[in-house]
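Taking it in order: structure first as structure tokens, then the write-up.
The numbers here are math on the coordinates, done by the rules we state, and not lab data. What you see is a predicted model, and the numbers here were worked out from it, not measured in a lab. Cβ placement follows ideal geometry from the backbone for every residue including glycine, while neighbour counts extend to all protein chains displayed.
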């Protein structure tokens, strides 16, 4: 296959790019190769509206990229390599796709500890992760959330609405202390306690283990947290491996200019994977 515009990554950046292309080029072929099993969807809903708005269902998560733009969306497709000299990419299954212009929109991957993901251990990032966590809430009495950033606190808040006991582990002395001014952080912290969330402050995860339908977390203060499941929100790192192997400049993301162009005039990068002037 050859596409005038080929996008690696099937997230919101891919959807926005396809729509932007259509504003400039009504007929150019667009291909989207996404490792995610789902076509592009609205990621913020995974930790917000899907939990808080009863009128917002799973069927509203899709961005309808293919039908709205005519792009060919390939889900569950991971790209193994980029050959810039021949303007082509090869997938892990051996398929080869040529391009006129290439957009790297590979996003980021969640930070993990040495505890493999499972139905009871979720490193929250994707629509599939949302579905797994929803399924867990049907049987779990107690779920631990690790991480006091935006994702961790949003998930803890969402779970507190599900008639599930929630323990939130944060390295902050006051929840939100690394994000907000002290007075705002104090109110933020109090709000979680007021909604029944147990907040374990000033501590980090050392290790974790899963056994007998439970998950046990060892904290660096010597204590443990045992729950029916755990959700991690420990931040992300940009997925730059493809760019690096293709010889593109990388520094905490693929280096691009103010127009999201890499050093290769045919290759762009955008979204969480891009390191752009700001």
Next item on the list: For the chain, report the translational diffusion coefficient in µm²/s to the nearest whole number, using Stokes-Einstein at 25 °C, 0.890 mPa s, and a Kirkwood Rh over Cα pairs.
Entry: 121 µm²/s
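Once you have the alpha carbon radius of gyration of region 178-244, what is it after dividing by 2.2 N^0.38 Å, with N set to its residue count? Walk me through the numbers on the way to the answer.
Numbers: Rg = 16.1 Å, N = 67, 2.2 N^0.38 = 10.9 Å.
Rounded to two decimals, the normalised Rg is 1.48.
Compute the Rg/Rh shape ratio of region 112-232: radius of gyration over Kirkwood radius, all on alpha-carbon atoms.
0.95
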Check: Distance from the Cα centre of region 71-92 to that of region 9-61, in angstrom?
Finding: 19 Å
Checklist line | Cα-based helix-to-principal-axis angle, 150-160 vs the chain, degrees rounded to 10 | finding: 50 degrees
Margin query: As a footprinting exposure proxy, order 65, 126 by other Cβ within 10 Å, with the fewest listed first.
Written below: 126, 65
Next item on the list: May I ask you to sort 168, 219 by Cβ crowding, counting other Cβ atoms within 10 Å and putting the fewest first?
Entry: 219, 168
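By DSSP, what percent of the beta bridges with both residues in the chain are antiparallel, rounded to the nearest 5?
For the chain, the DSSP antiparallel bridge percentage is about 40.
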Item checked: Reciprocal mean inverse distance between Cα atoms of region 34-162 - Kirkwood radius, Å -> 17.0 Å
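Please arrange 184, 63, 133 by counting, for each residue, the other beta carbons lying within 10 Å of its beta carbon, fewest first. Intermediate values should be presented prior to the final figure.
On the way: 184 13, 63 20, 133 23.
Ordered from fewest to most neighbouring Cβ atoms within 10 Å, 184, 63, 133 come out as 184, 63, 133.
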Next item on the list: Note down the relative contact order for the chain as a percent, whole number, built from C-alpha pairs under 8 angstrom at least six residues apart.
Entry: 19 percent
Next item on the list: For n ≥ 4 DSSP H runs only, could you compute -39500 (n - 2.57) per run for the chain, divide by its residues and tell me the 222 nm figure to the nearest 500?
Entry: -6500 deg cm²/dmol
Check: If you count, for each residue, the other Cβ atoms within 10 Å and average over each peptide, how do 19-25, 136-142 line up from highest to lowest?
Finding: 136-142, 19-25
Check: Alpha carbon centre of region 200-241 versus region 180-194: separation in Å?
Finding: 23 Å
Margin query: What do you get for the angle between helix 182-194 and the principal long axis of the chain? Use alpha-carbon atoms, 0 to 90 degrees, nearest ten.
Written below: 70 degrees
Next item on the list: Just subtract the alpha-carbon distance of residue 204 and residue 83 from 0.36 nm times their residue separation and send over the number in nm, one decimal.
Entry: 39.4 nm
